[in-house]
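A quick write-up on the structure given underneath.
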Amino acid sequence: MIYNNKITVKNYKCFDSSGGGFEKILPINLIIGKNNSGKSSLVDLISFIVEKKKEFIEIGRDNAIPEVIIEHELTEQEISRTFPSGTSGGGIPGSNFFEYGKQFVGKTYTYKLEENGKKTFLSLNAEFVTPARKLFDGLTGVIKEPLSGKTFCNISAERDIVPEVTNAEIVFTPNGSGATNAIQQIINRTNRDNRLIEQELLSELNTIVNPDIKFTRIFVQLRDNNHWEIFFEDANKKSIALSKMGSGIKTVLLVLLNLVVRPVIENKNRNLYVFAFEELENNLHPSLQRRLYNYIRNYSENHSSYFFLTTHSNVVIDAFGTYKNSQLIHVVNDGNKSISATILSYNGTKQILNDLGIKASDILQSNGVIWVEGPSDRNYINKWLELLAHLKEGLHYSIMFYGGRLLSNLSFDFEWFNKEVIPLLKINRNAFVVLDRDGKTMNAKINDTKNRITSEIGESNSWITKGREIENYLTDKTISNWLLDKHGYKTDFSNDKNTKLEVIINSNERIKLNYNLSKTVYSSEIVKFIDKDSLETLDLKENLLNLIEKIEKWNE
């Protein structure tokens, strides 16, 4: 569920009277920026929205009191509860209050949220008669602020799990204090179900840390100083204390304690939590980051939970940058104040990468690279791989573009290198290339560049389309359903395998689409109409299975 509420905080820490915040709230919200840019202040804002604690209001800027401003689109139900149809008069025009009030459905209602949930009406983007002011004031009691009724759960950037003495109370804290006590209590107390730790938590942990390591057991032992210590056992029956492990395992364990264990202990549904995790990537290898963020993504989808993730990591951008249920909020501090902006364009993403000091060479960290001609090809490849093997870009592979005629200046030959040729295998040794055949018949000769590329990278690491181009793998049914559902054109479409799709569409007088000018946009629409049955066309499935085998090897 998306909360289409604009939330702004003013006069709080690094944010001045201009404010900063969120244009809306999605299931996954990535807060990205340099150190001390204001990322944690936005986490504080979400904490206040959920918990409404007085302490937030007490941290002002320049002697000003912080303000939290929320913009809300009025619904008919809200209007009907405040503008009743059975009441009239009092200076309100019309036969009854509702007849007057329904003109404000869909209008933006702005209010201030204060401690303990008090709300104060500020403005409406429409004119209304003065007597209606009291009714609009009354709307504050009807409108629910975003994330209402949920529980805030935070993991801070500074965190650790250490040996602890017994404490009768199980407490979950942002810095990890109490984690060891929680685990030992659940394992050792007869009033707790030890399977929550020894089976469920351990299984989820292995889901994330595999294939780097596999734990067969988690247990606790009491040390001489009466401190409990967490231990893991591997497949070789070797035990190791958590305190002797790297902080990466501790981070993953702390995340799982909050996602898996905490809802059970607190007897709450997982969809009632708002999780704010700060800089999870600290001391995590990029491959472990990908698996952890993929776990979070699946958790959010399966349990309708909301996440706010602060980060410096480009791996997060890869993991969520194209995910429909996520957004990127970029926070920048100019030395005096901070501003925030939701990133909706390539230029904005590029500025984030510059801020984080990410270099082009960081593609070396990718498990493997699929090279395609352009963005529309990427959309189709991603959809097919997801349908057939649940593989995801940014987690299992990356996609890069070679751009048509640019291919003649690229090489996959590890030995042959001169200033006219770019060795793509040196960018990443795990590479696969997808090439459009481009011939006007299926028996047309493949050009010299494509033959050279196939020879250099190996036939098993390349895919030359059987049809003229990758769009010719789209079935007639897929294209017909897209044209009808998205653009209202009812037609028995025929996708000739030796003709460019743009030529077929543009030559049809009934279809008024300039396909070649909006190819990428249209491809993002078309993929929604691709199903598994549509993979049984030409040699599509055969090539996909080969590509899947390669990706699985890249991911061990």
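The values are calculated or read from the model by the stated rules, or taken from the named source; none is laboratory data. Not measured: the values here are computed from a predicted model. In this analysis, Cβ positions are derived from the backbone assuming ideal geometry, glycine residues included, and neighbour counts consider all displayed protein chains.
Observations on the model:
Rundown of residues vs (1) in contact with a strand residue (DSSP E or B) (Cβ under 8 Å, 6 or more places away or on another chain); (2) in contact (Cβ under 8 Å) with a residue 24 or more places away in the chain; (3) in a helix (DSSP H, G or I), yes/no style:
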| site | (1), (2), (3) |
| --- | --- |
| Glu233 | yes, no, no |
| Pro263 | yes, no, yes |
| Phe277 | yes, yes, no |
| Glu281 | yes, yes, no |
| Arg291 | no, yes, yes |
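Here is a yes/no grid of residues against (1) in contact with a Pro (Cβ under 8 Å, 6 or more places away or on another chain); (2) within 26 Å of Tyr295 (Cα to Cα); (3) without any contact (Cβ under 8 Å) to a residue 12 or more places away in the chain:
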position: Val9; (1), (2), (3): yes, no, no
position: Asp16; (1), (2), (3): no, no, no
position: Ser47; (1), (2), (3): no, yes, no
position: Phe56; (1), (2), (3): yes, no, no
position: Gly91; (1), (2), (3): yes, no, no
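- Scanning segment 293-330 for residues that are of a type in the set (Asp, Glu) and out of contact with any strand residue (DSSP E or B) (no Cβ under 9 Å at 6 or more places or on another chain) returns a single hit, Glu301.
- Filtering segment 491-536 to residues that are under 27 Å from the mean Cα position of the chain (by Cα) and of a type in the set (D, E, K, R) leaves Lys519, Glu525, Lys528, Asp531, Lys532.
- Per-region count, segment 148-175, residues on the phi > 0 side of the Ramachandran plot and modelled with pLDDT of 95 or more: 0
- Hey, Ala157 assigned to a loop (DSSP other than H, G, I, E, B) and closer than 29 Å to Ile46 by Cβ or not: yes
- Condition met for Pro146 (crowded, with 18+ Cβ neighbours inside 10 Å and not assigned by TED's automatic domain parsing to the domain that holds Glu51): no
- Scan segment 368-387 for residues that are in a helix (DSSP H, G or I), of a type in the set (Asp, Glu) and touching a strand residue (DSSP E or B) at 6+ places or on another chain (Cβ under 7 Å) and the total you get is 1.
- Ser304 meets all of the listed conditions (1) under 16 Å from Gly21 (Cα atoms); (2) modelled with pLDDT of 90 or more; (3) surrounded by fewer than 17 Cβ atoms within 10 Å (Cβ to Cβ) but one, namely (1).
- Residue match in segment 214-225 (condition: of a type outside the set (Lys, Arg), assigned to a helix (DSSP H, G or I), at pLDDT below 95 and out of contact with any Pro (no Cβ under 6 Å at 6 or more places or on another chain)): no
- Segment 185-213: number of residues that are closer than 30 Å to Trp554 by Cα and part of a helix (DSSP H, G or I): 11
- The condition of being of a type in the set (Gly, Ala, Ser) and in contact (Cβ under 8 Å) with a residue 60 or more places away in the chain holds for only one of Ser156, Ser85, that being Ser156.
- Checklist (1) touching a strand residue (DSSP E or B) at 6+ places or on another chain (Cβ under 6 Å); (2) loosely packed, with under 13 Cβ neighbours inside 10 Å applied to Arg189, failing item: (1)
- Selection status of Tyr3, under 20 Å from the mean Cα position of the chain (by Cα), aromatic (Phe, Trp, Tyr) and surrounded by fewer than 22 Cβ atoms within 10 Å (Cβ to Cβ): yes
- So Ser123, is it surrounded by fewer than 18 Cβ atoms within 10 Å (Cβ to Cβ), within 28 Å of Lys24 (Cβ to Cβ), more than 29 Å from the chain's Cα centre (by Cα) and assigned by TED's automatic domain parsing to the domain that holds Lys10: yes
- Residue match in segment 112-131 (condition: within 15 Å of Ile70 (Cα to Cα), of a type in the set (Ser, Thr, Tyr) and touching a residue at least 40 places away in the same chain (Cβ under 8 Å)): no
- One residue stands out in segment 27-61 among those that are closer than 13 Å to Ser338 by Cα and small (Gly, Ala, Ser): the one that is surrounded by the most Cβ atoms within 10 Å (Cβ to Cβ), namely Gly38.
- Val9 surrounded by fewer than 22 Cβ atoms within 10 Å (Cβ to Cβ) and touching a Phe, Trp or Tyr at 6+ places or on another chain (Cβ under 6 Å): no
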